[in-house]
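Colleague: My questions will all concern the structure given below.
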Amino acid sequence: MRTYLAAALGLTLSGLSFAQAPAAQPWIARSNADAQLLLVETATFSPETATSVGLDGYDAKVADLGKDIDARQRAALVEVGKKLDARLAQEKDPNVLQDLKILKSQVDHQIEGIDLNGKYLLPYADVGQLIFNGEFALLKDETDPARRNFALARLQCYVGMVPGCTPIVEEAKARFTERLGNKNLIGPFKGEVEQNLGNTSRYVDGVHKLFAKYKIAGADAALAKLDAQMAQYDAWTRSTVLPHARAEAPLPEQLYAYGLKLVGLDIDPRELIRQAQLEFMETRYALQALAPEVARAENLPAGDYQSVLKALKKKQLAKDAVEPTYHAVLEKIEDAIRRERIVDLPKRKMAMRLASEAESAAVPAPHMDPPPFVGNKGERGTFVLTMGNPPANGKASDAYDDFTFEAAAWTLTAHEGRPGHELQFAAMVERGVSLTRSLFAFNSVNVEGWALYAEAEMVPYEPPAGQFIALQFRMLRAARAFLDPMLNLGLIDRARAHDILVNDVGLSEAMARQELDRYTFNSPGQATAYFYGYMRLLQLRAQTEVALGKKFDRLAFNNFLVDQGLLPPDQLAEAVRTKFIPAQLKK
């Protein structure tokens, strides 16, 4: 219900295997021993997260929604924090100290989140999505086949068929109803609950399809119980949760501020709004300047950037052409990366596939499914292509057209694939970084900042239409960075934000709805991290070029960034200042 690491990671073998990671440096081994403290605590309360990152021993277990969950998890975190404080007092190695500070910050954030949620919110859970994600972590092509055998045991625990396991729907209901008497607590947003109800059948059907695809025997009784329990949970949600749901989406400001901190922002939201609005306007001018060239190159009617964008979107790919098109674009991008010496590529091919309907319900946009970072046995991360989540009302006309045309493939591949997320994650496995820098420093600013920077690095080597869509998506990220805080601070209404996303940014109605849901109730604050992380990396790049002049080496700089893992912006900047720049000046 409140698995903060899982939320942060939420972003989740044929051909060549991973190269062996280099032998860990002594400080990494010591840091990893420290990380076990928080890793075991996380796995204890959220075994599904343990599965997703590759930790053995938790695959048959399920999320703890039992009585006094908040108090028990908080007490466990306090104990971890005390042990980390003791380690901080005695550690001398600067690298290990850096990681200990990251771990302690993660613990403090989780405790703060438990306290804030307990103060303001009724504990409502989207159990359908939780169960689907827990089973999908085990039942996918990239998972070690030996681990798939635990999928049935996990499902039997979800539905209460094994000793010690209460049906998780009953635990979720108990946690909600036991706090209904506290009139100071607010319920979930009504639109969120209705969306979850609309997706339940997709999640349940998705679990059935996973068990059928991987031929998991003996699952009929557990699947039948899942069907019945989720139908009952939906009925209970309608009768008990919806009457207590809030009509307006914005959270109390303290919760929104916490959400910003959790994704890695350390800037006042009003200052972020000002900077993002400036970037939005400058990018819109750049789109308009490029529109005539794109029209000529693509044989489109001349016009403003909105009309050129609409014309490009009409070139929609058939479903069976989406993946081949993205693969063809990837080959061209990799050629440019090698030719222009942008960053070292991983030593194996990138994995890519289309999402199932249940996956699309959970994550409607194209995304990166990371590899396991603990005990990786060759599993690869995967670029997951999606057609978007259809609305619960089933209107066929309300469909996405934002990802499935050829011009969009360039910047989406650069972002989710190479040189973006896939390369960043693969490098952490292949080259070897501490668990703290691959797991517990994992937040949206650190991860999405690199992906937007990767997009920008590739723009000069893309065709005009690819450059055009890269600018459109850059404008979207700027729009996110001012619309998200403005909506949550009451500075704009949803209707006006919708108009900006549809008319200025050029999103489909379906994607605009997804964006607005994201800002207001699915993940308030998270969408701001793209622009902010990108801005911090560009500032660091500029400072480094100024310091080094002709000695600046783009390949060396980008490799250095990747080698650091997921360091927060301030710590990454310190590493560049104290390690990279002095080393380059000596050459």
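The values are calculated or read from the model by the stated rules, or taken from the named source; none is laboratory data. Note that the structure is a prediction, hence the values are computed from the model and not measured. All Cβ positions, even for glycine, are placed from backbone atoms using ideal geometry, and neighbour counts span all protein chains on display.
Colleague: Against the conditions (1) more than 21 Å from the chain's Cα centre (by Cα); (2) small (Gly, Ala, Ser); (3) modelled with pLDDT under 95, where does residue 565 fall short? Just the number, please.
Modeller: In the conditions (1) more than 21 Å from the chain's Cα centre (by Cα); (2) small (Gly, Ala, Ser); (3) modelled with pLDDT under 95, residue 565 misses (1) alone.
Colleague: Let me ask something else. Tell me which residues, restricted to region 139-189, are touching an Asp or Glu at 6+ places or on another chain (Cβ under 8 Å) and acidic (Asp, Glu).
Modeller: 142, 144
Colleague: Name the pairs: first residue in region 184-198 and assigned to a helix (DSSP H, G or I), second residue of a type in the set (S, T, N, Q) and surrounded by fewer than 17 Cβ atoms within 10 Å (Cβ to Cβ), Cβ to Cβ under 8 Å, at least 6 apart or on different chains?
Modeller: Cβ pairs passing all conditions: 198/393.
Colleague: Moving on to the next point. On the given criteria, is residue 501 surrounded by fewer than 21 Cβ atoms within 10 Å (Cβ to Cβ) and over 22 Å from residue 560 (Cα atoms)?
Modeller: Here the answer is no, as residue 501 does not meet what is asked.
Colleague: Answer yes or no: is there a residue in region 299-316 that is assigned to a helix (DSSP H, G or I) and within 30 Å of residue 561 (Cβ to Cβ).
Modeller: no
Colleague: For residues that are part of a loop (DSSP other than H, G, I, E, B) and of a type in the set (Lys, Arg), scanning just region 53-84, find the one that is surrounded by the fewest Cβ atoms within 10 Å (Cβ to Cβ).
Modeller: So the residue we want is 67.
Colleague: For residue 329, which of the numbered conditions (1) at positive phi; (2) buried (at least 21 other Cβ atoms within 10 Å of the Cβ) fails to hold?
Modeller: (1)
Colleague: Right, next: Taking the options 232, 254, 277, 288, name whichever one is at negative phi, surrounded by fewer than 17 Cβ atoms within 10 Å (Cβ to Cβ), assigned to a helix (DSSP H, G or I) and at pLDDT below 95.
Modeller: 254
Colleague: I've got another one for you. Just for region 119-178: of the residues that are outside any loop (DSSP other than H, G, I, E, B), of a type in the set (Gly, Ala, Ser) and under 24 Å from the mean Cα position of the chain (by Cα), which one is nearest to residue 242 (Cα to Cα)?
Modeller: Restricting to residues being outside any loop (DSSP other than H, G, I, E, B), of a type in the set (Gly, Ala, Ser) and under 24 Å from the mean Cα position of the chain (by Cα), the top hit is 128.
Colleague: Please enumerate the residues belonging to region 171-191 that are of a type in the set (Phe, Trp, Tyr) and touching a strand residue (DSSP E or B) at 6+ places or on another chain (Cβ under 9 Å).
Modeller: Selection gives 189 alone.
Colleague: Moving to a separate point now. All but one of (1) modelled with pLDDT of 95 or more; (2) surrounded by 19 or more Cβ atoms within 10 Å (Cβ to Cβ); (3) under 22 Å from residue 215 (Cα atoms) hold for residue 175, so report the exception by its number.
Modeller: Only one criterion is unmet by residue 175, namely (3).
Colleague: Still on this structure, I have one more. Please work out which one of (1) surrounded by fewer than 20 Cβ atoms within 10 Å (Cβ to Cβ); (2) farther than 30 Å from residue 569 by Cα; (3) at pLDDT 95 or above is the condition residue 271 fails and give its number.
Modeller: Every condition holds for residue 271 apart from (2).
Colleague: For region 435-464, give me the residue count where each residue is over 20 Å from the mean Cα position of the chain (by Cα) and buried (at least 24 other Cβ atoms within 10 Å of the Cβ).
Modeller: Residues that pass the stated criteria total 1.
Colleague: Only one of these is closer than 25 Å to residue 138 by Cβ, at pLDDT below 90 and out of contact with any Asp or Glu (no Cβ under 8 Å at 6 or more places or on another chain): 7, 21, 43, 60. Name it.
Modeller: 7
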